[in-house]
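Peer 1: Please see the structure below; I have some questions.
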């Protein structure tokens, strides 16, 4: 198994490099002059597309809804994580009863469920193809 992974690594790395290059070119466009870009949003979009290429493949990673879900779910999970980190470990299970924490956690859960629903047909199709 290790041999198969090692042999395919070079082609995968080249595939990801070309994906990064294509995504950066599409997202930033030609830059002959100084062009302002919102760095946070731009970076989120590039990372969502490139990581999506690795996880869900090229046919799905450029889908605008997938990109949106990927960015929103990441932001929701990170917000929930930061919210929970304010509390000591022994109190974290109790924080689900606090309104602000519950709202943030629910948002995170809702994004996860929406993403799962959108990915289900892709997963089923890939299982049939195997």
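The values are calculated or read from the model by the stated rules, or taken from the named source; none is laboratory data. Small disclaimer: the values here were computed from a predicted structure and weren't measured. We place every Cβ from the backbone using ideal geometry, glycine too, and count neighbours over all the protein chains shown.
Peer 1: Can you confirm whether the stretch 22-31 contains a residue that is under 20 Å from residue 126 (Cβ atoms) and surrounded by 15 or more Cβ atoms within 10 Å (Cβ to Cβ)?
Peer 2: no
Peer 1: Quick check on the stretch 25-43. Is at least one of its residues over 28 Å from residue 12 (Cα atoms), modelled with pLDDT of 80 or more and not assigned by TED's automatic domain parsing to the domain that holds residue 15?
Peer 2: No: the stretch 25-43 contains no residue that is over 28 Å from residue 12 (Cα atoms), modelled with pLDDT of 80 or more and not assigned by TED's automatic domain parsing to the domain that holds residue 15.
Peer 1: Okay, moving on. Out of 83, 74, 43, which single residue is part of a helix (DSSP H, G or I) and in contact with a helix residue (DSSP H, G or I) (Cβ under 7 Å, 6 or more places away or on another chain)?
Peer 2: The unique qualifying residue is 83.
Peer 1: Now, a different point. Check 92, 96, 118, 102 and return the single one that is closer than 25 Å to residue 43 by Cα and not assigned by TED's automatic domain parsing to the domain that holds residue 48.
Peer 2: 118
Peer 1: Next question, about the same structure. Could you run through the stretch 88-130 and say how many residues are outside any helix (DSSP H, G or I) and either loosely packed, with under 13 Cβ neighbours inside 10 Å or touching a residue at least 12 places away in the same chain (Cβ under 8 Å) (or both)?
Peer 2: 3
Peer 1: Step by step: first the residues of the stretch 48-70, then only those that are surrounded by fewer than 16 Cβ atoms within 10 Å (Cβ to Cβ) and under 10 Å from the mean Cα position of the chain (by Cα), then the one that is modelled with the lowest pLDDT. Which residue is that?
Peer 2: 55
Peer 1: If I filter the stretch 53-69 for residues that are over 19 Å from residue 122 (Cβ atoms) and part of a helix (DSSP H, G or I), do I get at least one hit?
Peer 2: Among the residues of the stretch 53-69, not one is over 19 Å from residue 122 (Cβ atoms) and part of a helix (DSSP H, G or I), which makes the answer no.
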